[in-house]
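Structure record follows, encoded as structure tokens.
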Amino acid sequence: MRIRLGLRDIRGIGAAADTIVAARAAGPFRSLADAIRRLPLSREAFENLILAGAFDGFGLGRRELLWQLGLFIRGRGAQPALELANERDCPPLAPLSEWGSGDRGTEYARSLPQRPPDESDSADVCHAAW
């Protein structure tokens, strides 16, 4: 059994019901995103419409619709989007040609401590365990 409510009976809609009916007369809503684009409603009004089942015809559960709503309209107190790093945020690096030139690589290899000859390679240890 289904109970149908008038749009005016849904909390937060009230006078906006006429706006919803007029937008729907221009064509049915194809998705929640389409409704958000075409209706000047608050996030709370959309939440109440979802919870009342107004968007059940889209084939998604109410929880999924609420999730989508959060992607389109941020709630109060939501964390702002983090800025992406760009070139000016990166520290200056030496040109690649300086890294590959000279004996820097061999100097670094010489500065590493040498393993005593009696220690086995890690690959040998793995093979011996199996």
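None of the figures in this text is laboratory data; all of them are computed from the coordinates on show. Keep in mind it's a predicted model, so treat the numbers as computed, not measured. Neighbour counts are summed over all protein chains in view; Cβ atoms, including those assigned to glycine, are modelled from backbone coordinates with ideal geometry.
Compute, for region 7-72, the length of the dipole vector about the Cα centre, with Cβ point charges of +1 (Lys, Arg) and -1 (Asp, Glu) only. Units Debye, rounded to 20.
Charge dipole of region 7-72: 100 debye, to the nearest 20.
Less than 15 Å Cβ to Cβ from Phe29, Lys/Arg counted +1 and Asp/Glu -1: what total charge do the surrounding residues give?
Every neighbour counted, the sum reads +2.
Once the other residues with Cβ under 12 Å from the Cβ of Gly53 are scored (Lys, Arg +1; Asp, Glu -1), what is the net sum?
Numbers: positive: Arg2, Arg4, Arg62; negative: Asp56.
That sum, taken over residues with Cβ under 12 Å, equals +2.
Taking the mean number of other Cβ atoms within 10 Å as a proxy for protection, how do you rank 39-51, 14-26 from highest to lowest?
Those peptides, ordered most packed to least, come out 39-51, 14-26.
When Lys and Arg each count +1 and Asp and Glu each count -1, what net charge do the other residues less than 12 Å away from Arg43, Cβ to Cβ, add up to?
On the way: positive: Arg74, Arg76; negative: Glu44, Glu47.
Around Arg43, the charge tally is 0.
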